Amino acid sequence: MGRYRLAVHIEPAGVRILTRGGHDWTHRFPEIEQAAKSLPVATAILDGEAVVLDELGRSDFGLLQQSLGGRGGKKTSHESILMAFDLLYFDGHDLTRMDLSERRHILEDLLDDAAGAVRLSEEIEADGDQLLASACAHGLEGLIAKRRDAPYRSGRIGDWLKIKCIQSDSFFIVGYEISMAARGHIGALLLAARRGDDLVYVGSVGTGFKDSVAWKLRGMMDRIKRKTPPIQYAGRRNDVVWLRPTLIAEIEYRAWTDDRKLRHSSFKGLRQVQDNAAVYQLG
């Protein structure tokens, strides 16, 4: 989903905004920093996600990437807001052993009058299947869910669960097909997932590129060319440029084919390495 997970540390000395990978991005989210400074608390740690909303109030991954300058970009995002959904520390007290429902009450009180760049994520108690169907019908990216009686656990396992309307995952770009008729002369990107320590080809993506993004991506790829494929590849090798697997693409897709290739895939943007983008693991 089109967001960046952030931990916002409010301390007497100031506010620090850390990515999931532990990088300090305070300077990149000045509006969130200022809004957090104005909260009526001396010390706190908010768990949430940075989002940029479209004109209909929906989070948009493309707009978020654009506001940060794309992968490796150094831009400051004035459009991002923090959707806070958990509170881990509050006025000298570690809350992580509490049930989520208790932490949520404290968070609601803290953000009671908050507006602008730090907001309380909406909480809905409802039948999961019906709620997801409704979210997808309204063009939302999906839902974030967690058991209300669960203590906080850091890391990917046992933490907040993202339920997506459309499949969206991260894959290595391991090559591209040249097409002089296409934007950036990129006919399609060749994608790979992880299987243990190996990389496995999972198909290609040829849609979703805007003109300016395609040329910028082409410039990045031209700097990481290699002579041999980093994957087992049985397709046509003419007009394929192989790459070192360092660029990570966020790809939307509808399903997997029987031979484990992506179906109806679309390029959404490049992930930030600093955000510990997890490349898809094949079972």
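Coordinate-derived values only; no laboratory data. Keep in mind it's a predicted model, so treat the numbers as computed, not measured. Here Cβ is always computed from backbone atoms with ideal geometry, including for glycine, and neighbour counts include all displayed protein chains.
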Computed over the range 167-275: relative contact order in percent, which uses C-alpha pairs under 8 Å that are six or more apart: 32
Debye intensity ratio I(q)/I(0), log10, the range 167-275, q values 0.15, 0.22, 0.23 Å⁻¹ (C-alpha model): -0.58, -1.35, -1.49
Backbone N under 19 Å from the ALA13 label point (7 Å along Cα→Cβ), restricted to the range 77-97: 89-93
Cβ-defined net charge surrounding ASP91, 15 Å radius [Lys, Arg +1; Asp, Glu -1]: -3
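Pull out the extension gain between ASP258 and HIS27, defined as 0.36 nm times the separation in residues minus the alpha carbon to alpha carbon distance; nm, one decimal. Mind dumping the intermediate values first?
Numbers: separation 231, 0.36 × 231 = 83.16 nm, distance 4.55 nm.
That pair, ASP258 and HIS27, stretches by 78.6 nm at full extension.
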Alpha-carbon radius of gyration plus Dmax, which is the widest Cα pair, for the range 23-86 in Å: 12.3, 35
